[in-house]
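**Q** Right, I'll just put the structure down here and ask away after.
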Amino acid sequence: MNRWPWYRDFLTDLKRSGLVAHTLENYRHGCQVFDTFLEQRGIERIQEVDRETLAQYLTYLRDLRSRRSRPYALGTIRFFVTWAKRFFTHLQEHGRMLTDPTVGLALRPMGRQLPRAVLSAAEMEKLLAAPDVKTLWGLRDRAMLEVLYGTGLRFAELVHLGTTDVDLEEKVLWVRRGKGGRDRVLPLGRWALYWLKKYVEASEDLRRRQGTERVFLSARGQCLANWVLNERLRAYARQAGIGKPVTLHAIRHTYATVLLKGGADVREIQKLLGHSSLSSTQIYTHLDLEDLRQVQRRCHPREKRHRQRD
């Protein structure tokens with residue numbers, strides 16, 4: 001049975017609700033993952049899905065591997081669970097299922113995962129210096145890294161920036177319809193401003209030829225892909241001698257962490273990151289606690305003696 005007309009109706013409703021293109025693509029991927037799960041289990045009709053099927057789906061997600069053969073992060077698994085809840089709510093509201101099998105479903109708590117990599121200030125300086133700014137693409141990458149480290153933008157917010165969203169005179173940029181459809185305005189620090197201005201001027205001909213106002217472009221004048229940028233970041237990290245798993249999102253985590261260590265209030269960081277809930281920002285207080293715990297273990301005499309006995 002072809003289940004895709006149902007998925008397409010679901011995606012159409014999401015688009016009408018105002019979700020941005022990047023988020024819609026994530027929901028489309030959620031449809032593909034769930035459909036593969038159903039196909040592997042020989043389930044032809046979505047109406048056959050019940051709570052037991054969804055419990056199997058959770059196990060399936062935890063065993064699933066990304067295209068790089070790595071287990072999915074908890075945040076990704078959490079998104080797929082959210083996808084299921086939203087999809088089946090949609091089906092019930094449109095009369096395609098009598099009941100919603102996700103209602104009352106006891107999900108095993110997955111907790112909030114700490115960021116896998118947060119760079120030190122010294123590591124970040126090495127990473128920023130890695131791109132060859134004598135080339136347009138190295139200049140682009142340096143500008144992107146400076147903007148990411150200077151504003152904490154999400155990947156989708158970065159690649160969808162238009163020239164009209166950046167005011168180099170007022171030293172601000174606008175995030176239009178960020179996560180959750182929320183807008184926000186962010187200050188540009190002097191280094192982000194300096195490198196962004198150099199790149200915008202150098203890439204003006206490319207944008208004119210491609211007929212686009214998008215700031216950051218591929219060599220073909222197209223929107224940059226997440227995996228491409230992460231590959232380039234990993235190459236820069238190796239070049240800089242950084243042994244941590246550096247990703248675009250790791251720079252966002254690094255931005256928030258250095259602000260917290262520098263004395264910023266958690267609510268201020270919440271506004272800068274565009275978090276709807278303070279609980280999303282409070283993860284960084286745990287990161288700071290881990291740093292303090294390391295100091296205690298390294299410096300406290302009783303802790304040092306305990307470590308020597310081990």
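The values are calculated or read from the model by the stated rules, or taken from the named source; none is laboratory data. All figures in this text were calculated on a predicted structure; none of them were measured in a lab. Here Cβ is always computed from backbone atoms with ideal geometry, including for glycine, and neighbour counts include all displayed protein chains.
**Q** Just checking, does region 37-59 include any residue being assigned to a helix (DSSP H, G or I), at pLDDT below 75 and out of contact with any Asp or Glu (no Cβ under 6 Å at 6 or more places or on another chain)? Even if it seems obvious, please write down each step before you answer.
**A** Start the filter on region 37-59 by keeping residues that are assigned to a helix (DSSP H, G or I), which leaves 37-40, 46-48, 51-59.
Next cut, at pLDDT below 75 only: none.
Among the residues of region 37-59, not one is assigned to a helix (DSSP H, G or I), at pLDDT below 75 and out of contact with any Asp or Glu (no Cβ under 6 Å at 6 or more places or on another chain), which makes the answer no.
**Q** Select from region 115-160 the residues that are touching a residue at least 40 places away in the same chain (Cβ under 8 Å), closer than 26 Å to residue 271 by Cβ and not in a helix (DSSP H, G or I) and list them in ascending order.
**A** Scanning region 115-160 gives 115, 116, 117, 118, 119, 152, 153, 154, 160.
**Q** Would you mind finding the one in 10, 80 that is under 30 Å from residue 223 (Cα atoms) and touching a His at 6+ places or on another chain (Cβ under 7 Å)?
**A** Details: 80 fails: touching a His at 6+ places or on another chain (Cβ under 7 Å).
Being under 30 Å from residue 223 (Cα atoms) and touching a His at 6+ places or on another chain (Cβ under 7 Å) holds for just one of 10, 80, which is 10.
**Q** So residue 229 clears everything in (1) without any contact (Cβ under 8 Å) to a residue 24 or more places away in the chain; (2) assigned to a helix (DSSP H, G or I); (3) under 12 Å from residue 141 (Cα atoms) except one condition, right? Which one?
**A** That leaves (1) as the condition not met.
**Q** With the condition kept exactly as written, say whether any residue in region 249-268 is in a loop (DSSP other than H, G, I, E, B), within 26 Å of residue 198 (Cα to Cα), among the β-branched types (Val, Ile, Thr) and modelled with pLDDT of 60 or more. Walk me through it before giving the result.
**A** At the first step, the residues of region 249-268 found to be in a loop (DSSP other than H, G, I, E, B) are 262-265.
Add one more test, that the residue is within 26 Å of residue 198 (Cα to Cα), and what stays is none.
No.
**Q** Which members of region 24-47 meet the condition of being of a type in the set (Ser, Thr, Tyr) and surrounded by 14 or more Cβ atoms within 10 Å (Cβ to Cβ)?
**A** Of everything in region 24-47, just one residue is of a type in the set (Ser, Thr, Tyr) and surrounded by 14 or more Cβ atoms within 10 Å (Cβ to Cβ), namely 27.
**Q** Another one. What number of residues within region 194-222 satisfy the criterion of being outside any helix (DSSP H, G or I) and either β-branched (Val, Ile, Thr) or over 12 Å from residue 144 (Cα atoms) (or both)?
**A** Taking region 194-222 and keeping what is outside any helix (DSSP H, G or I), we get 203, 211-222.
Next, only the ones that are either β-branched (Val, Ile, Thr) or over 12 Å from residue 144 (Cα atoms) (or both) stay: 203, 211-215, 218-222.
Total satisfying the criteria: 11.
**Q** What about residue 50, is it surrounded by fewer than 13 Cβ atoms within 10 Å (Cβ to Cβ) and touching a residue at least 12 places away in the same chain (Cβ under 8 Å)? So that I can check it myself, show each step before the final result.
**A** Working: surrounded by fewer than 13 Cβ atoms within 10 Å (Cβ to Cβ): yes; touching a residue at least 12 places away in the same chain (Cβ under 8 Å): yes.
Here the answer is yes, as residue 50 does meet what is asked.
**Q** With the condition kept exactly as written, say whether any residue in region 63-73 is at pLDDT 85 or above and either closer than 22 Å to residue 14 by Cβ or assigned to a helix (DSSP H, G or I) (or both). Can you show your working first?
**A** Narrowing region 63-73 to residues at pLDDT 85 or above: none.
There is no residue in region 63-73 that is at pLDDT 85 or above and either closer than 22 Å to residue 14 by Cβ or assigned to a helix (DSSP H, G or I) (or both).
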